[in-house]
Every structure is written in C-alpha cells, then in structure tokens.
Amino acid sequence: MLKHSLQFKLSQKLSPQQIQLMKLIQLPTQAFEQRLQEELVENPALEESSKDDNYDLDDYEVNSNDDYDDYDNEHIDAQDINIDEYLSNDETPDYKYQTNNYSDDDEDKSSPFAAPVSFHQDLINQLNTFILTDDERDIAEFLVGSIDDMGYIRRTTQDIVDDMAFTQGIYTDETTVERILHLVQELEPVGVGARDLQECLLLQLKHKTPSDSITLAIHVIEQQFDAFSKKHYDKLLQKFDVSQQQLRKAIDEIEKLNPKPGGSFDGNQKMVEHIVPDFTIRIVDGELELLLNGRNAPELHVSKDYQEMLQSYKDTSDKSSAQKDAVQFIKQKLDSAKWFIDAIKQRQETLYVTMNAIMFYQQEYFLDGEETKLRPMILKDIADMVGLDISTVSRVANSKYVDTPYGTKLIKEFFSESMTNDQGEEVSTIEIKNILQQVISEEDKRKPLPDDQLAEILKERGYPIARRTIAKYREQLDIPVARLRKKI
C-alpha cells in the first residue's frame with residue numbers, strides 16, 4: 001500500500017534548502033547522478049555505499065522529523081553540541097531499501113567506442129588525395145572551413161575572397177576561388193560545398209547515372225526550381241511537355257536526394273545524451289507494476305571518520321579553542337550531509353508518488369498501449385491526487401522518462417487537454433491529433449485536404465473542431481499545409 005507522507009511547509013519565501021530540493025526533483029537520472037557526485041566531492045562528511053540496480057518502492061516510507069532549514073545561520077557553541085546525536089554504530093542509512101528486483105547479471109554495462117572523425121576533418125583528409133599547389137591547398141582548406149554542419153557554404157565568393165585577404169593573408173580572385181570550389185564540391189558526401197539548396201540538388205543529380213528521368217530532373221531544378229518548390233506541377237507539365245508519369249519519375253529522383261549532405265555524415269552527428277528512463281512500468285499478471293530506477297536511490301551515510309573525530313572530542317577532557325572550532329566545522333558538514341540525505345529521500349518519494357498517480361490515472365492506456373485510451377489529464381489532476389503543488393508535478397513531468405511495454409516515453413506526453421465530442425464525452429486532444437494524422441495519411445496526395453475539409457471530416461467522425469484548431473494541431477504534428485503535401 002502506497003503511503004503518502006510528504007510534508008511541505010508553506011511560507012512566504014522558500015528557504016535555500018527548499019529551493020535546492022525543487023532543483024533535485026527536477027533533475028533526470030543522469031543529471032541527478034552528476035549532482036550527487038558534486039555533493040560527495042564538496043562534503044567529505046557524506047559518503048556513498050554500494051548501489052543496487054533497482055528498487056521496488058511499494059513499501060517506501062519516509063520517517064524524518066529532523067529540520068535543518070536554518071543550520072547555516074545558526075550560531076554554534078561547541079560546548080552545547082550533543083555529540084551523541086552525530087554518532088552511530090551503524091553505517092547503513094535508515095532508508096536503505098532491501099527489495100532488489102534484478103540479479104547481478106542485469107547490471108548495466110557500457111562498451112567503449114572510437115572517437116569519430118569530424119565532418120570537416122574528413123573533408124580535409126579527402127583533400128589530401130588531390131594534387132594541389134600550396135596556394136590552392138590554402139584556398140581549398142579555407143573553403144572547407146567555411147562549410148557549415150549541413151554541408152553548405154552560405155557566403156558569396158567575393159566575401160570569401162575578402163575574408164581570406166584580411167584574416168589569412170591569402171590574396172586571390174573570384175575566378176580562382178570558383179575553380180577551387182568546384183574541386184571541393186567533388187568531395188564526399190555528394191552535394192557538399194553548395195551555396196544553396198538548388199545547387200546542392202544539382203550537384204547530386206549530376207553525379208547520378210544519366211537517364212531520361214535524371215535529365216528531366218536536372219532541367220526542372222535548373223529552370224523551374226521555384227515552381228518545383230511550390231509544387232506547381234501543372235506548370236511543369238506544360239513547360240517541359242511531358243506526361244504525368246514522366247514528371248512523377250523525375251520528381252521521385254529529386255525526392256531521393258539529401259538536402260542536408262553534411263547532416264548525413266556519421267562522424268558529424270552530435271553526441272546525443274542517452275536517455276535513461278527514470279521509471280519502469282511493467283505488466284505482471286495483468287497488474288501494473290511501477291519501479292523507480294535504482295540510480296535515483298543511492299545509499300548514503302555519514303562519514304565514519306567524521307564520527308570518530310567527534311568521538312575523540314567527546315572523550316577529551318581538555319577541550320581547546322582549536323578543537324571547538326574543528327567541532328563547529330564538523331557539525332556544519334554533518335548537518336549538511338544529513339539534510340542532503342533527507343532531501344534525496346523526499347525526492348525519491350516525490351518522483352514515485354507522482355508517477356504512481358499518473359500510472360493509475362492512465363491505467364487503461366498502460367495496460368494495452370492504445371493511445372485512444374489516454375484520458376485527458378492536466379497537472380492539477382495529479383497534483384490534487386498526491387497533495388503536491390502543481391509546479392512540483394510539472395518538474396517531474398517535464399524532465400523524466402518512463403520505460404513502458406510500448407517504448408520509452410517522456411512523461412509530459414501523457415498530459416493533454418480535453419474536449420467534448422458529439423456524444424458529450426470528454427476526450428483527449430491526443431486522440432484527436434492521432435485521428436487527424438490518420439486522415440491526412442490516407443488522403444489522396446494528388447488532391448490533399450485543406451484545413452476546412454479536415455475539420456468537416458473530423459466533425460463527421462464526432463469531433464466538432466474549428467478550422468483554426470485543425471491548423472494548430474497540424475502544426476504541432478509538423479504536418480505542412482495541403483499545397484505542400486501535394487504529389488503528382
């Protein structure tokens with residue numbers, strides 16, 4: 001039985017400790033681990049024990065009555081310190097949770113990987129295969145350095161000439177730069193070094209094996225790029241006097257091209273932080289089971305060395321001024337360590353009770369994965385269930401991921417507004433967006449549906465939505481307007 005025992009103090013102004021707690025709650029697993037390591041380095045009175053992989057928190061309970069809000073501003077008199085409060089015969093924290101759902105074999109393991117060659121370095125390496133004079137190589141390397149991550153040189157030739165003269169002391173002319181640029185444009189991936197999209201597509205088309213479709217595609221891009229971009233296919237048919245089938249084959253060739261050749265380079269991919277789910281939801285015997293990632297539940301305890309230092313002070317009859325100063329320092333570190341341990345306990349329970357409420361609120365969805373079963377849910381719904389502030393629920397939802405039987409999901413994706421269908425039932429806007437996406441995917445791409453027709457179709461299906469709302473949902477789904485969805 002889940003026990004709700006969080007206690008938050010209402011005040012006009014949040015204390016520094018409360019602010020720190022809110023920051024801890026907001027951190028996802030990996031960022032939390034980094035914050036934990038920083039605290040361990042900064043506070044020698046805080047130590048970490050061995051970690052278990054995962055904890056089942058069904059029996060999670062917080063029993064902390066200590067209040068350390070004002071320890072930083074407290075005047076410490078070493079004579080009044082109750083040393084026994086800081087001494088313990090047990091290094092194991094009182095909130096260590098024993099349930100371990102995994103064996104040692106399930107421990108996460110990481111594999112080493114080779115450092116990739118950068119996009120620009122790869123281009124420079126390719127230049128080394130060309131026979132160039134020193135001046136030509138200097139210009140070529142400058143041009144490569146002017147290529148952005150998408151593979152384009154977004155500067156005029158004159159700007160490049162001037163820049164080389166002012167910054168590199170390389171004096172040349174536009175004709176020479178253009179000649180070297182054509183050489184740079186022979187590098188891989190094809191299309192690199194283009195000044196705009198039109199040139200990028202042409203470079204790629206001219207590297208393909210010649211055919212009637214490729215020749216027509218080149219003519220389309222060279223002569224009617226604007227009409228192609230706006231999908232004015234009737235104008236293209238008339239201009240080139242070809243059949244729809246011939247034009248369709250040419251456009252198919254163009255659509256196979258890469259508009260961002262630099263972005264396709266494997267070594268140029270930015271290092272994306274690996275998502276570590278903060279929670280796991282499983283279905284066990286038809287029931288939902290929630291697990292908090294064990295990396296969010298570190299085992300911390302007060303340093304044994306610090307306890308021994310206090311014990312030595314307690315046993316000493318002659319307490320000098322220097323010893324008193326040392327005890328004051330030790331007490332501050334111990335209070336800080338005890339507060340941090342308590343804050344982590346509160347963070348653990350806040351995460352768990354919030355996700356637990358979301359799981360049961362969306363129980364139908366988590367049991368079968370059907371998105372149409374996602375109920376309308378706003379932050380206030382969950383805040384009211386668990387007795388937390390809306391801002392606290394938001395901190396959990398906006399930065400945490402949950403591993404479900406249907407994939408890893410960002411928790412905030414389960415939140416949505418509601419609308420009333422023609423049966424008077426409250427339905428989630430997520431359901432409406434899914435239906436809208438389905439309707440657009442099934443439309444005749446030769447005659448895509450404008451927003452007003454989409455609104456009519458959804459109305460017929462029981463969802464009376466205004467055209468402007470359709471436009472808003474379409475934009476949120478990153479779906480272009482009807483004209484740009486048109487295919488021949």
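The values are calculated or read from the model by the stated rules, or taken from the named source; none is laboratory data. Here the structure is a predicted model, which means the values were calculated and not measured. Side chains included, ligands, DNA and RNA excluded: accessible areas come from the protein's heavy atoms. Shrake-Rupley method; radii C 1.70, N 1.55, O 1.52, S 1.80 Å.
Here are the numbers for the structure shown:
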{"quantity": "Orientation-averaged projected area, Cα convex hull of region 123-227 (nm²)", "calculated": "7.5 nm²"}
{"quantity": "Long-range lysine pairs (8 or more apart or interchain), region 286-398, Cα under 19 Å", "calculated": "10"}
{"quantity": "Scaled radius of gyration (Cα, divided by 2.2 N^0.38 Å) that region 281-400 gives", "calculated": "1.66"}
{"quantity": "Scattering profile of region 351-478 at q = 0.09, 0.13, 0.21, 0.22 Å⁻¹ [log10 I(q)/I(0), Debye over alpha-carbon scatterers]", "calculated": "-0.31, -0.61, -1.20, -1.26"}
{"quantity": "Surface accessible to a 1.4 Å probe, per residue, for the residues of region 338-408, Å²", "calculated": "36 Å²"}
{"quantity": "Percent accessible area from carbon and sulfur atoms, region 337-488, protein chains only, probe 1.4 Å", "calculated": "45 percent"}
{"quantity": "Of every Cα-Cα pair in region 169-299, the percent that sits beyond 25 Å", "calculated": "53 percent"}
